[in-house]
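Before any comments, here is the structure.
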Amino acid sequence: MRKLFFTLPLLFFVSALFSQTQDPSSKRILGNWYSNTIRTTKWVFTQDGKLYNYDKDIMKVMYKYSISNSCQNNSSDTSEFITLRDRDGDEYCFKINGVNENKNGVLSLTNMSNMQTLIFVNDVNLKIAQ
């Protein structure tokens, strides 16, 4: 019994030590993201939950965004979605396919209204094959 009291906490410590920790999407998405197809289009995600959409360095629209496991009529325990809300209250739903996975500099989203995949890069000079 004495060994059990020693072994059990040790197992929790070792599993916590070796578990892979990765920042949540809400932290990895922060910063500048350039459209892979039109590099003059830039989305800037800020810590205060705002997304600024720029074209040729001119801000076109600002959205409030939230990241969760559901968005409009979409829900998943294993996927994350971004909900964008404009100042008129219109909502836009995107599934997060990946955010800078393995530090590859790529943000991949699926627009849930038309199932179109959008690819962004965090470095304007980064080349991604299409």
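The values are calculated or read from the model by the stated rules, or taken from the named source; none is laboratory data. Just so it is clear, the structure is predicted and the values come from calculations on it, not from any experiment. Glycine gets a Cβ as well: all are built from the backbone with ideal geometry, and neighbour counts include every protein chain shown. Keep in mind that these areas ignore ligands, DNA and RNA; they rest on the heavy atoms of the full protein, side chains included. Shrake-Rupley method; radii C 1.70, N 1.55, O 1.52, S 1.80 Å.
Contact map, segment 48-65: first residue without any contact (Cβ under 8 Å) to a residue 12 or more places away in the chain, second residue outside any strand (DSSP E or B) and open to solvent by less than 60 Å² (accessible area, probe 1.4 Å), Cβ cut-off under 9 Å, separation 6 or more or different chains; pairs are Tyr52/Thr46. Mind checking which residues of segment 118-130 are more than 20 Å from Ser70 (Cβ to Cβ), open to solvent by 20 Å² or more (accessible area, probe 1.4 Å) and assigned to a strand (DSSP E or B)? Answer for segment 118-130, where residues must be more than 20 Å from Ser70 (Cβ to Cβ), open to solvent by 20 Å² or more (accessible area, probe 1.4 Å) and assigned to a strand (DSSP E or B): just Ile119. Per this entry, Thr110 is counted among residues that are surrounded by 14 or more Cβ atoms within 10 Å (Cβ to Cβ) and within 23 Å of Lys27 (Cβ to Cβ). Answer with yes or no whether Thr110 is modelled with pLDDT of 90 or more and in contact with a Ser or Thr (Cβ under 7 Å, 6 or more places away or on another chain). Here the answer is yes, as Thr110 does meet what is asked. Across segment 70-95, what is the total count of residues that are open to solvent by 20 Å² or more (accessible area, probe 1.4 Å) and either under 18 Å from Leu51 (Cβ atoms) or assigned to a strand (DSSP E or B) (or both)? Total satisfying the criteria: 14.
Please enumerate the residues belonging to segment 75-106 that are in contact with a strand residue (DSSP E or B) (Cβ under 7 Å, 6 or more places away or on another chain) and within 18 Å of Lys64 (Cβ to Cβ). Within segment 75-106, Glu80, Phe81, Ile82, Thr83, Leu84, Arg85, Asp86, Glu91, Tyr92, Cys93, Phe94, Ile96 meet the criteria.
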